[in-house]
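A quick write-up on the structure given underneath.
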Amino acid sequence: MYSLLPRPLAAPALGILAPLALLAASPSEAAPLSAGGSHVGEDHAGDVHAGEDLRAIDLSESDLSGADLFEADLRDALLIDAVLADADLEDAEAMNAAFAGALLDGASLAGANLRNADFFEASLVGADLSSTNLRDSDFADAVLTDADFSDAQLRDATFQGAWLLGADFSGASQGFRADFHEAYYDSATVLPGDADTGVMFFVMGTCPGDPPLYEVDRNGDGVGDTCEPPMTLPEPAAPAGLAACAGLLWALGARRGRAE
């Protein structure tokens, strides 16, 4: 009877595969960006693409940290699990773009058109989304701590389950049309004046004797009901080459195990 779990590879096999693993772990060689192109897992950190036509481009799992996408056309673009920390997307046209699971901490999206954009489970800690069009956009389960939504258009946007501690919605319009069900906020959060706090969870502080956990009032009675950990998100997906290499190593190990 053999085990399905892989056995350790012999040293010669690992020696042969080590260069392959290192190559796969490196970011993919970046190709020039163009509308409709596929650039999954590529390294474009710090690149300048201001004003470029990047409609329907696929940049999922790519590194765009610090990239200049000012006034870029990102309509229908795929940036799922991409890294856009500190990127400049001011005044970008990103209607229908998908940023699900993306890391946008410190990014500037001020003035961007993000109508019907998908930020499900994205992280936008300290991001600037002031004066954005967020109509029909999806921020469900996103981490929006200290994000700036001032003067944003919120009609029919959803923030269900989002983490809004310290977020600023001052001057945002049509908050009553946005969905804040089960979103978390605290005393530092500036909510739209017409938002329904009755469907939200208020974070009162940390639980006595257990600082890593937050004390949450879930029923609006002013008393903490539960102690909950800070919201965490999965790490952005590993580059496709690395995943493929890991699969190859596993398969070879399992094959060797069966043979023995």
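On the beta carbon distance between Phe176 and Ser38, with R0 = 51 Å, the FRET formula returns roughly 0.80. If you wrap the tightest convex hull around every Cα atom of the stretch 61-155 and split its volume per residue, you get 63 Å³.
Once the gyration tensor of the Cα atoms in the stretch 36-234 is diagonalised, the equivalent ellipsoid follows with semi-axes of 30, 18, 13 Å, ordered largest first.
Every number here is computed from the coordinates shown, using simple stated rules; none is lab data. Remember, predicted model here, so these are calculated numbers, not experimental data. Cβ sites come from the backbone with ideal geometry, for glycine too, and all protein chains shown count toward neighbours.
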